[in-house]
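The values are calculated or read from the model by the stated rules, or taken from the named source; none is laboratory data. Being a predicted model, the structure only gives us computed values, none of them experimental. Here Cβ is always computed from backbone atoms with ideal geometry, including for glycine, and neighbour counts include all displayed protein chains. The accessibility values were calculated without ligands, DNA or RNA, using every heavy atom of the protein model including side chains. Shrake-Rupley method; radii C 1.70, N 1.55, O 1.52, S 1.80 Å.
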2 protein chains.
Amino acid sequence: MQQQISVITLGVADLPRSRRFYADGFGWAPVFENAEIVFYQMNGFVLGTWLAKALEADMRRTGLAPQGAFALAHNVATRGEVQPTLDRLSSFGGSVLRAADEPPHGGFRGYIADPDEHAWEIAWNPAWSISPAGLVTFGL
Amino acid sequence: MQQQISVITLGVADLPRSRRFYADGFGWAPVFENAEIVFYQMNGFVLGTWLAKALEADMRRTGLAPQGAFALAHNVATRGEVQPTLDRLSSFGGSVLRAADEPPHGGFRGYIADPDEHAWEIAWNPAWSISPAGLVTFGL
């Protein structure tokens, strides 16, 4: 099977609140939106933010905790961008989980929860390349 | 900020069990692995499966439910591949949440949970293009 993920869909309780975090905080442009979902075209896949009740009904699961055992990461180009990015997202509805510091494997990172408790790592990892189009390649 | 997600990290309880689902079930090749994490180079970003306790410690959250309010999707090229893909993943440790059927917006999809309860949609969506390299583009 193709080594490919097409969509990450995050369940949200309040779409305008979520949109403010992603569209205004991260500064990402929606590619489509209506009253229950916003899609963002990302680097080779699509991010969706969908009303959690609709997502639950679609996948036939109910009563999900908002925060699951997963994290998304947005890598930045320099160490100096990590904490200011956390600060900016915090001012758009995020809640800092961990202020930026150095992980054991090197680099620099912190964590912030979006308004629906989904965790984001903001990281500088000089071993991983990011193309001008945003394509991220694993490296050691 | 660049419209880019670098990593999706899923918390897992049992790394060999998770590896069986992703490496043997999906057939995806790890790009790196050790005793606590497996990385897969995906279409423009990286998928990580990391022991949930280590992920929790890293992001300074504890007691997370395994299943959160989110879903990942793997799109396939034809309608006929959807249910067999669900069946295959089921035989590698997945639990079907919803057998394949037609959503209101068209296409064909079902849902399956990985061994750690993370939800995957397996979908055929003819409006979205997938390049030979696996880059997925939103369409209507």
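Taking B:Pro103, B:Pro115, B:Pro126 as the candidate residues, the one with maximal mean-square fluctuation in a Gaussian network model of chain B, Cα springs under 10 Å, is B:Pro103. Over the protein assembly as shown, dividing the summed -39,500 (n - 2.57) contributions of all DSSP H runs of at least 4 residues by the number of residues returns a 222 nm mean residue ellipticity of -4000 deg cm²/dmol.
Here chain B has 55 percent of its accessible surface on carbon and sulfur atoms, given a 1.4 Å probe and all protein chains in place. Against the criterion of solvent-accessible heavy-atom surface with a 1.4 angstrom probe, A:His74, A:His105 sort, most first, into A:His105, A:His74.
Distance to the B-onto-A rotation axis is smallest for one chain B Cβ; residue and value in angstrom are B:Gly68, 1.
Across the protein assembly as shown the C-alpha pair distances fall into 10 Å bins from zero in the proportions 7, 31, 40, 19, 2 percent. For the protein assembly as shown, DSSP calls about 65 percent of its internal beta bridges antiparallel. Residue-normalised convex hull volume from the C-alpha trace of the stretch B:37-81: 120 Å³ per residue.
Under a Gaussian network description of chain B, with springs only between Cα atoms under 10 Å, the residue in B:Ser90, B:Ser18, B:Ser129 that fluctuates furthest is B:Ser129. Pairing chains A and B buries close to 6000 square angstrom of accessible surface in total, based on protein heavy atoms and a 1.4 angstrom probe.
Report the antiparallel proportion of the DSSP beta bridges in chain B as a percent, rounded to a multiple of 5. Rounded to the nearest five, the antiparallel share is 65 percent. Reported value for the stretch A:97-140: 91 Å³ per residue, from the convex hull of its C-alpha atoms. Between copies, the label points of A:Asp101, set 7 Å from Cα on the Cα→Cβ line, lie 5.0 nm apart, reported in increasing order to one decimal in nanometres. Count Lys and Arg as plus one, Asp and Glu as minus one, and take only other residues whose Cβ is under 12 Å from that of A:Arg60; the net charge is then -1. Remark: spin-label model distance B:Ser90-B:Asp14 equals 2.0 nm, labels positioned 7 Å along the Cα→Cβ axis. Spatial offset of the stretch B:36-94 relative to the stretch A:95-137 amounts to 19 Å, using the alpha carbon center of each. Of the residues A:Ile130, A:Ile112, A:Ile122, the one that moves most in a GNM of chain A with alpha-carbon contacts below 10 Å is A:Ile130. How high is the relative contact order of chain B, in percent, with contacts defined as C-alpha pairs under 8 Å that are six or more residues apart? Dividing the mean separation by the residue count of chain B yields 22 percent.
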